[in-house]
Amino acid sequence: MIAETPAESMLAAVLHGKEDLRMEQIPIPRVGDGELLVRVGAALTCGTDLKVYRRGYHALMLNPPIVFGHELAGTVTQVGTGVTKFSIGDRVVPMNSAPCYTCYFCLHGQHNLCENILFNNGAYAEYMRLPARIVEKNTLLVPAHMPLEQAALTEPLACVIHGFNQTGPQVRDTMVVIGAGPIGLMFIHVAQLHGLRVIAVVKRNDQVAAATLFGASEVVQIAAGVDTVAAVRALTDNARGADIVIEAVATPATWESAVAMVRKGGVVNFFGGPPKGTIVGLDTNRLHYGDITLKASFHHTPAACATALKLICGGKFKAAEFITRTAKLDEVPSVFARMMTRSADNVIDIKTAVLPNGYRPNGSGR
């Protein structure tokens, strides 16, 4: 192991339970063989983190008390023995998981379903330790020109790319995206960049503007007295429905609406995951005689992560527009409290970049 971090403790946001997020001084993690210590340059807020904050846990990824957050990019400050891919000073974007590559699902190419998947959390802190498997299998170098807060979009974008590819999209297909949170907006943008026509279904006024910004051709706003399904179908050829429908809200009502909006022979991707035990009612007659494919996508793969970072760095993806606020590390609890009560005004608010070490978005990452 080389290099030492002078300080012995760091500030971190620790989740203790439902809506119980506390700023605490905790020891800086020690780095073992094959591991890295990263000084966090930027950590992003996320819909999954908000869901975990609201529920107080995540069945797969974390149980409190635990340092919170999983979307980040930063700079390597310590290198464990045996690491050859990275050096001190490298700018990196570590993913929040890595598969084992040896289990049943990995051998079938389904790395997102790995039986031994290793998750890692702790982005809302001054430093973060990266386990050896994540260092080896799912940490990427950030090009010098790319601001760290934009590179941190890699993880959520990788989830979107994985889900997008699983729907079998074709150029000039019509895709409906239900929901205009960060994930829904990424689906809209990725689809638009791949030559699809996108219809967005949104709720708030600010989401109308955001969906348009990221490439939606038409936007249907949910409102009292409006038949949303009929409004969407009216925008498709002969009102037959969309080729692909992405559900990115995670409610029974939107799952059911997604099936009602798709054409015969089309594909529905239930991307939003409702709470355990949620029951949804679907018209089996329409599913069967309509030859409709239902798909639910989860998480990402290392291949999707590499594709996502390449897309972000390529210049066409509007990465900067996804970062609409910045905050200091000690403001994280108030940031999540604000996210719980979003207003219905016209201000686009997508992601907040938490800047633990005084980094400011200027492209240098230093």
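Since every read-out is calculated from the coordinates, none of them should be taken as a lab result. Worth saying up front: this structure is predicted, and the values here are computed from it rather than measured. Every residue, glycine among them, receives a Cβ derived from its backbone with ideal geometry; neighbour counts consider all protein chains shown.
Of the candidates N285, N112, N269, which one comes out as most mobile in a Gaussian network treatment of the chain with C-alpha springs shorter than 10 Å? Residue with maximal mean-square fluctuation among N285, N112, N269: N285. Listed peptides 46-53, 290-297 appear in the order 46-53, 290-297 once ranked by packing, highest mean of other Cβ atoms within 10 Å at the front. Within the chain, antiparallel bridges make up roughly 55 percent of the DSSP beta bridges whose residues both belong there. Have a look at D90, D33, D206 and tell me which one the Gaussian network model of the chain (Cα, springs below 10 Å) gives the largest fluctuation. Between D90, D33, D206, it is D33 that shows the largest mean-square fluctuation.
Taking 0.36 nm per residue of separation and subtracting the Cα-Cα distance, full extension of the segment from N63 to S217 would add 51.4 nm.
Note on the chain: with a GNM built from Cα contacts shorter than 10 Å, the maximum mean-square fluctuation among I312, I26, I161 falls on I26.
Annotation: the range 167-295 has a Kirkwood hydrodynamic radius of 14.4 angstrom, from the mean reciprocal C-alpha pair distance.
Please give the charge dipole size of the chain, origin at the Cα centre, charges +1 on K and R Cβ atoms and -1 on D and E Cβ atoms. Round to the nearest 20 debye. Numbers along the way, then the final one.
On the way: 33 positive and 30 negative charges, 79 e Å.
It comes to approximately 380 debye.
May I ask you to sort M339, M10 by Cβ crowding, counting other Cβ atoms within 10 Å and putting the fewest first? Walk me through the numbers on the way to the answer.
Details: M339 17, M10 22.
Listing M339, M10 from fewest to most nearby Cβ atoms yields M339, M10.
Each principal axis of the Cα cloud of the range 246-286 was evaluated for its coordinate range; sorted largest first, these ranges are 29, 19, 12 Å.
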